[in-house]
1. Could you say whether any residue in region 42-49 is in contact with an Asp or Glu (Cβ under 7 Å, 6 or more places away or on another chain), of a type in the set (Ser, Thr, Tyr) and at pLDDT 95 or above?
2. Might you let me know whether region 202-210 holds any residue that is modelled with pLDDT of 95 or more and open to solvent by 20 Å² or more (accessible area, probe 1.4 Å)?
3. Please count how many residues of region 175-186 are buried (at least 20 other Cβ atoms within 10 Å of the Cβ) and not in a strand (DSSP E or B).
4. Just to be sure I understand the filter: pairs with C-beta atoms under 7 Å, separated by 6 or more residues or on different chains, first member in region 61-74 and free of Cβ contacts under 8 Å to residues at least 40 places away in the same chain, second member outside any helix (DSSP H, G or I) and of a type in the set (Lys, Arg). Which pairs pass?
5. Mind listing whichever residues of region 92-104 are open to solvent by 50 Å² or more (accessible area, probe 1.4 Å) and either modelled with pLDDT under 95 or not in a strand (DSSP E or B) (or both)?
6. Restricting to region 163-174, name every residue that is touching a residue at least 60 places away in the same chain (Cβ under 8 Å) and either open to solvent by less than 30 Å² (accessible area, probe 1.4 Å) or under 10 Å from residue 65 (Cβ atoms) (or both).
7. Output the residue which, of all residues in region 31-61 that are open to solvent by less than 20 Å² (accessible area, probe 1.4 Å) and touching a helix residue (DSSP H, G or I) at 6+ places or on another chain (Cβ under 6 Å), is nearest to residue 74 (Cα to Cα).
8. Collect the residues in region 1-28 that are closer than 16 Å to residue 61 by Cβ, open to solvent by 20 Å² or more (accessible area, probe 1.4 Å) and not in a loop (DSSP other than H, G, I, E, B), keeping them in residue-number order.
Amino acid sequence: VITDGRADYLVQTMESLRKNLKCDFGRQFIIDDSGDQEYARWLTQTFEGMVIVHHSERRGLAGAVKHAWELAIRAGAQYVWHAEDDMLYTTPVDVADLERIMESQPQLAQLVVGRNAWSPEEQAAGGIFAEADEYADRDGWLEHTQLFSFNPCLISVAAIQSALSGDADFLERGVTDTLLQHGFTFGFYGARNDLPRVEHIGHVRSGGYRW
């Protein structure tokens, strides 16, 4: 879970994640990119049992994501559940089912769980698939090559290793370009018309945060 100092959002996210995300996790990390000592102390006191990694200075989204994935590799992960601090899990998600799909489809870098429409384009399209024709219906997921997403998702360690091998920036577009070069595709879990499983609540970022 990556956080940048938004305690209210993080508390809601963690409560919903623990309630609805069905998974036997190995190690659980919180990456604290706030650069704030008081927030760091609060995290340590509030989330006992999790490995909390504090950045003394903000690295921005790309730096925080890259560091999180590097730590997951060092911890020996086979898959990584990637989460940010402003997503509510609104319905149960069985991670074992996502893993089953990805085991059978090694070209999939990730399976993302659907969220509510956010951008004007998504809202106009009536959902997150603004470019509907670019998503191919599969048995239990939609496959595409549009954009790797930092929304809640399961990521294969092979994809993470490939992403870390590139020299592009570590934002969504840069990760996308690197993974496409390695032959990966991307997926959304479930069917095209499924109701969202997560809700984006992050209307405000912390002051000074760098994308």
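The values are calculated or read from the model by the stated rules, or taken from the named source; none is laboratory data. None of the values given here were measured: they were computed from a predicted structure. Note that each Cβ is placed from the backbone with ideal geometry, even for glycine, and that neighbours are counted across all protein chains shown. Just so you know, the surface numbers come from the protein's heavy atoms only, side chains and all, with ligands and any DNA or RNA stripped out. Shrake-Rupley method; radii C 1.70, N 1.55, O 1.52, S 1.80 Å.
1. Restricting attention to region 42-49, the residues satisfying the condition of being in contact with an Asp or Glu (Cβ under 7 Å, 6 or more places away or on another chain) are 43.
Now narrow it down to the ones that are of a type in the set (Ser, Thr, Tyr): none.
The answer is no; no qualifying residue exists.
2. Filtering region 202-210 down to residues modelled with pLDDT of 95 or more leaves none.
No, region 202-210 has no match at all.
3. Adding up the residues that qualify gives 5.
4. 67/59
5. First, pick out the residues of region 92-104 that are open to solvent by 50 Å² or more (accessible area, probe 1.4 Å): 92, 94, 96, 99-100, 103-104.
92, 96, 99, 100, 103, 104, listed by residue number.
6. From region 163-174, those touching a residue at least 60 places away in the same chain (Cβ under 8 Å) are 163-164, 169-171, 174; that's our starting set.
Hits for region 163-174 are 163, 170, 171, 174.
7. 31
8. Once the filter is applied, which keeps residues that are closer than 16 Å to residue 61 by Cβ, open to solvent by 20 Å² or more (accessible area, probe 1.4 Å) and not in a loop (DSSP other than H, G, I, E, B), region 1-28 yields only 9.
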